[in-house]
Each structure stands twice: as structure tokens, then as C-alpha cells.
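J.: The structure is given below, and queries will be raised subsequently.
The values are calculated or read from the model by the stated rules, or taken from the named source; none is laboratory data. Remember, predicted model here, so these are calculated numbers, not experimental data. Here Cβ is always computed from backbone atoms with ideal geometry, including for glycine, and neighbour counts include all displayed protein chains. Surface areas here come from the heavy atoms of the whole protein model, side chains and all, with no ligands, DNA or RNA. Shrake-Rupley method; radii C 1.70, N 1.55, O 1.52, S 1.80 Å.
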Amino acid sequence: MRAAWYERTGLAAEVLQVGEMPKPEPGPGDVLVRVKASGINPADVKRRAGWGGMAMDHQRVIPHCDGAGAIEAVGKGVPPERIGSRVWLWNAQGGYGAVGRADGTAAEWIALPAEQAVPLPAALSFDAGACLGVPAMTAHRTVFADGPVTGQTILVQGGAGAVGHFAVQMARLGGARVLATVGSAEGATHAEAAGAEPILRRQTDVAAAVMAATGGCGVDRIVEVDFAANAAVDAPVLVPNGTIASFSSTSNPAPVLPYYSFAAKGLNLRFIQGFALPPAARGAAHAFIAMHATALNVAIRGLHDLFDIAKAHESVEKGGIGNVVLRL
């Protein structure tokens, strides 16, 4: 089969290779999936780059955690009725701090545990399905980890990003009003189309804008893309006992917490790790995606061939609106 891999961490153009590998076989409890699309997340490029001293868990790695395709064979213990079904894939390689399998979705076939191959709704393409594993599942957890959001007001920091875009849509589908910070006019248009009231963070006093939009009341919850960068803004705009659900702190992996700003209002800080969702939360997200598949807009900005994987990784590193996908 055709596959991409790397044997050391480093720059995409220097370490990523494409060639032939043996086709995998499904073990007990596994399914064999013919991959049609492989989603590329920031986590994937960070692993390949060795971000923060991240070491390889295997001598050779086929990258990417997310993907979509069709089941071609099943291992012992898996119902044969699953053969032929369209599926989307999650956590193909395990999470941060948890050694997973060496083989991800940047290959024509992948064998992985059957529960990690979720029925793909008919309304979603393989390209869209390849963008659900990390972005959509993380977004669902950030929005609903503390219960229903009906009638609440939620601030999504980074509403034009992959997770933020899903979070805006899911919060709106859950009955919430959504404010979203964005970095550009293009991002504002993108977030607004998803159902948010955009705030241009580079041109606006975000805290003042949020308080003005809420009549001085503040927001009930915050979906946070960069805790270190935004903690000083988040605390003043939350209602007493409100919650920040943070899924990243890229600008500073060791942020300083403004303790008394949080404590004075009894605020809650929840850390969200899309690779380590509790089974019940994951099941709820699967059901939500299946129920609302026709309403969800999956933004894709780049479709690449497997042989262009280095360029695809570089596109993710540069950033932009929409997900980047490999077609196989």
C-alpha cells in the first residue's frame, strides 16, 4: 500500500517520506479500513516536528490521528456486518503521554480497534469525516462538559479555528447565544456564518465588548484556545461560578494563573484533552454529531494528495481558516 512516514522528528520537507508498505491485517477486535481521507491536526504536525522535545514512541511512524473511509475486513470478535460501512476514525495513534500504535491514517489502509471506527453519517463526505476526530470531539467537550447550554451565553476564544468553528455551531445547536473572538475580517465572516457574534480581538477591547454585548452581565462559559494569552480577559467577563474550558495554551505552555481574579468569583477552570475523553462524553459527542450531521458545516481549506503531505503539514503550521485533508 502507499503510505507516508517519518523515522525522526524535524521539518516536514526533511523527514516525511512516501512509498510502499505492507498492507496491515486486522487483529482481534480490529477493523481494517480503506482510508479515503486523512485529517491533519496541529497535534500531528507538532508530533512530527518534535515540538517541546516530544520524542517518538516508535522507530517509524505513519502520521495522523483522524481519518475516514470504509471497513473492508474485521478481526475476530467484530461483527462481519460492519464490512462495507462508511466510518470516521479517532485517536488512531493514541494521545499525548499515552503510547499508541505506530500507524496513523496517512496510508491507504489502517487496522485499528473497532470502537475507533464510528459510523459516518450519510450527510457527511469522507473529507468532512476526516475532520471530526480531534476538532469536533474536542469542541463538543468544551461546550457540553458542564451540562446543557440552553439559554446561556458562551464566549468562544478563536471562533474561526477548527475547534472554535465546531464549538460555535454546537453551542448554537444546543440553544446558546455565542460570542466569538477572531483575528481578521475573514475570520469574522466565518464565525458569523456559523452562528456567532464576532469580536475582532486585534481592534477591540475584548472584555469591554463582551460586557457591552451582555448588558454588563458577562458570559456563562468560555471555550478557550489559548489560556495563557487570554486568562486576564477571561476572568473579568465570566459570571460568578462560570467556567473556562481550555483546550490549549500554545503561547505559553507554563502560564501564570491570576489566582485571585478567579477565586474572587468562584470561577472554574476545566482542562480539555481531546485524546482523553471519558467514554460517556465520547459517546455523547458521537450521538450529537450523528443527530446534527445535516446542520454541521465542516470547513476545509486544503485538499492534498498523499505525495504532497509535506506541503500539507506546512499549510497547517502556517495556519488559516479551515481544515487540511489528504485524499488517498
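J.: Any residue that is over 19 Å from the mean Cα position of the chain (by Cα) and either surrounded by 14 or more Cβ atoms within 10 Å (Cβ to Cβ) or not in a loop (DSSP other than H, G, I, E, B) (or both) - is there at least one of those in region 269-278? Break it down into steps so the answer makes sense when it comes.
T.: Start the filter on region 269-278 by keeping residues that are over 19 Å from the mean Cα position of the chain (by Cα), which leaves 269.
Next, only the ones that are either surrounded by 14 or more Cβ atoms within 10 Å (Cβ to Cβ) or not in a loop (DSSP other than H, G, I, E, B) (or both) stay: 269.
Yes, there is a match, as at least one residue in region 269-278 is over 19 Å from the mean Cα position of the chain (by Cα) and either surrounded by 14 or more Cβ atoms within 10 Å (Cβ to Cβ) or not in a loop (DSSP other than H, G, I, E, B) (or both).
J.: If the requirement is being without any contact (Cβ under 8 Å) to a residue 12 or more places away in the chain, in a helix (DSSP H, G or I) and not acidic (Asp, Glu), which of these qualifies: 142, 189? Break it down stepwise before answering.
T.: Values: 142 fails: without any contact (Cβ under 8 Å) to a residue 12 or more places away in the chain.
The match here is 189.
J.: With respect to residue 288, determine if the residue is more than 23 Å from residue 187 (Cα to Cα), touching a residue at least 12 places away in the same chain (Cβ under 8 Å), of a type in the set (Phe, Trp, Tyr) and open to solvent by less than 60 Å² (accessible area, probe 1.4 Å).
T.: On the way: more than 23 Å from residue 187 (Cα to Cα): yes; touching a residue at least 12 places away in the same chain (Cβ under 8 Å): yes; of a type in the set (Phe, Trp, Tyr): yes; open to solvent by less than 60 Å² (accessible area, probe 1.4 Å): yes.
Against the criterion (more than 23 Å from residue 187 (Cα to Cα), touching a residue at least 12 places away in the same chain (Cβ under 8 Å), of a type in the set (Phe, Trp, Tyr) and open to solvent by less than 60 Å² (accessible area, probe 1.4 Å)), residue 288 qualifies.
J.: Out of all the residues in region 206-260, which are touching a Pro at 6+ places or on another chain (Cβ under 7 Å) and open to solvent by 30 Å² or more (accessible area, probe 1.4 Å)?
T.: Of all residues in region 206-260, those touching a Pro at 6+ places or on another chain (Cβ under 7 Å) come to 207, 227-228, 231-232, 235, 249.
Of everything in region 206-260, those that are touching a Pro at 6+ places or on another chain (Cβ under 7 Å) and open to solvent by 30 Å² or more (accessible area, probe 1.4 Å) turn out to be 228, 232.
J.: With the condition being farther than 19 Å from residue 272 by Cα and open to solvent by less than 10 Å² (accessible area, probe 1.4 Å), I'd like the strands (runs of 3 or more DSSP E) fully within region 42-137 carrying at least 2 qualifying residues.
T.: Hits in region 42-137: 66-74, 86-89, 109-113.
J.: Could you give me the residue pairs with C-beta distances under 8 Å whose first residue belongs to region 28-55 and is touching a residue at least 24 places away in the same chain (Cβ under 8 Å), whose second residue is buried (at least 22 other Cβ atoms within 10 Å of the Cβ) and of a type in the set (Lys, Arg) wherever it lies, and which are 6+ apart or on separate chains?
T.: Hits for this filter: 54/47.
J.: With respect to the numbered conditions (1) over 20 Å from residue 294 (Cα atoms); (2) open to solvent by 30 Å² or more (accessible area, probe 1.4 Å), which one is the sole condition not fulfilled by residue 193?
T.: (1)
J.: Given the criteria open to solvent by 10 Å² or more (accessible area, probe 1.4 Å) and among the β-branched types (Val, Ile, Thr), does residue 31 qualify? Even if it seems obvious, please write down each step before you answer.
T.: Working: open to solvent by 10 Å² or more (accessible area, probe 1.4 Å): no; among the β-branched types (Val, Ile, Thr): yes.
Against the criterion (open to solvent by 10 Å² or more (accessible area, probe 1.4 Å) and among the β-branched types (Val, Ile, Thr)), residue 31 does not qualify.
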